[in-house]
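**Student:** Take a look at this one; I'll ask things after.
The values are calculated or read from the model by the stated rules, or taken from the named source; none is laboratory data. Just so it is clear, the structure is predicted and the values come from calculations on it, not from any experiment. Cβ atoms come from the backbone with ideal geometry, glycine included; neighbour counts cover every protein chain shown.
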Amino acid sequence: MSNHEKILKFLGYRLVRFIILLIAIIIISFIMVDLSPINPVKTYISNMIVSPEQVAALEAYWGVNEPITAKIMNWLGNIIHGDLGNSLIFRIPVIDVIKEKFFASLILMMTSWAISGVLGFLLGIVAGYKKDTWIDKAIKVYCYILQSAPTFWIALIILMVFSIQLGWFPSGLGVPIGSLSQDVTIWEWLNRLILPAFTLSILGVAQIALYTRDKLIEEILAWAKDNISKEILDEGLDLREPEEILYFSRADKIKDLLMHQFENADEALIYEYTEQIYQNIYE
């Protein structure tokens, strides 16, 4: 099987899994809402004074008393026709709310991806070159903490420190209170983008950094496999000399080649891979 076929098979498998998961989530969500003792109409009207006829009209409009299969089919039919319903908060179609918020969400997503990609790549490079040093250990601890800690908890900590305690950034809202979105200046908009983008980028750094670190280590070994051979190491050596002397001469050549190719790599890392490369070639 070619690489192209493997990729298509992998993507197809992932797509099927996603569709099955999506269908399961939809069905479970409808079942949970249907079995809930909370009446959505009474929750919506809350303390408002309405007549029984108005309550019945709302129940009929929302299909509260319809069978669950009818609810699912009606929902799917509306989705197919592009009708996502009306927002109970904004009092406008949901699709219009999504359109209005899409650009800001896209900017936030792209900004956080760019920052986390650059920062994660740089940290991974440093950790790979400084493998097993205190720098590498510090970066790994930082990444493991980010991966193990709940995302919302880290976000709350950042919000408390930089917004509540230090007051550097606003604690919420896309625009200042009392302002319309079209009246917001670019600085006010950016000021509300910095903290969310910073938070999301920090959370995305860990996986990229660890992946880059592992790939860099693999790259060193792969380069050595393609560029360091027995013939190169034995060139100019008197093979009649004792094996111990030959070992040190060959090891010095390996270290020189690695140091020349990977100038910023930690010396201890070079020594470690020198022994591993030597064993791969001669043993």
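**Student:** Looking at (1) modelled with pLDDT of 75 or more; (2) closer than 30 Å to Glu219 by Cβ; (3) surrounded by 15 or more Cβ atoms within 10 Å (Cβ to Cβ), which one does Tyr144 not meet, given that it meets all the others?
**Tutor:** (3)
**Student:** Moving on. Which of the residues spanning region 2-31 are over 21 Å from Ile72 (Cβ atoms), hydroxyl-bearing (Ser, Thr, Tyr) and part of a helix (DSSP H, G or I)?
**Tutor:** Passing the criteria: only Tyr13.
**Student:** Just need a number here: residues in region 67-120 that are at pLDDT 75 or above, farther than 30 Å from Ile208 by Cα and part of a helix (DSSP H, G or I).
**Tutor:** Adding up the residues that qualify gives 18.
**Student:** Sticking with this structure for a sec: What's the number of the only condition in (1) touching a helix residue (DSSP H, G or I) at 6+ places or on another chain (Cβ under 8 Å); (2) loosely packed, with under 12 Cβ neighbours inside 10 Å; (3) under 28 Å from Pro37 (Cβ atoms) that Ala70 fails to meet?
**Tutor:** (1)
**Student:** Could you look through region 126-141, keep only residues that are of a type outside the set (D, E, K, R) and crowded, with 16+ Cβ neighbours inside 10 Å, and pick out the one that is farthest from the chain's Cα centre (by Cα)?
**Tutor:** Filtering region 126-141 for residues of a type outside the set (D, E, K, R) gives 126-129, 133-135, 138-139, 141.
Next, only the ones that are crowded, with 16+ Cβ neighbours inside 10 Å stay: 126-129, 133, 139.
On the way: Val126: 20, Ala127: 19, Gly128: 21, Tyr129: 24, Thr133: 27, Ile139: 17 Å.
Selected residue: Thr133.
**Student:** Return the pair list, or none, for Cβ contacts closer than 6 Å from residues in region 49-63 that are under 21 Å from Trp75 (Cα atoms) to residues that are surrounded by 13 or more Cβ atoms within 10 Å (Cβ to Cβ) and at pLDDT below 75, at least 6 apart or on different chains.
**Tutor:** Going by the 6 Å Cβ cut-off, the qualifying pairs are Leu58/Val41; Glu59/Val41.
**Student:** As an exercise: evaluate Leu239 against (1) among the aliphatic types (A, V, I, L, M); (2) buried (at least 16 other Cβ atoms within 10 Å of the Cβ); (3) in the same structural domain as Tyr271 (by TED's automatic domain parsing) and give the number of the one condition it does not meet.
**Tutor:** (2)
**Student:** Among the residues of region 209-229, which ones are under 20 Å from Lys137 (Cβ atoms) and of a type in the set (Phe, Trp, Tyr)?
**Tutor:** Tyr211 - this is the single residue of region 209-229 that is under 20 Å from Lys137 (Cβ atoms) and of a type in the set (Phe, Trp, Tyr).
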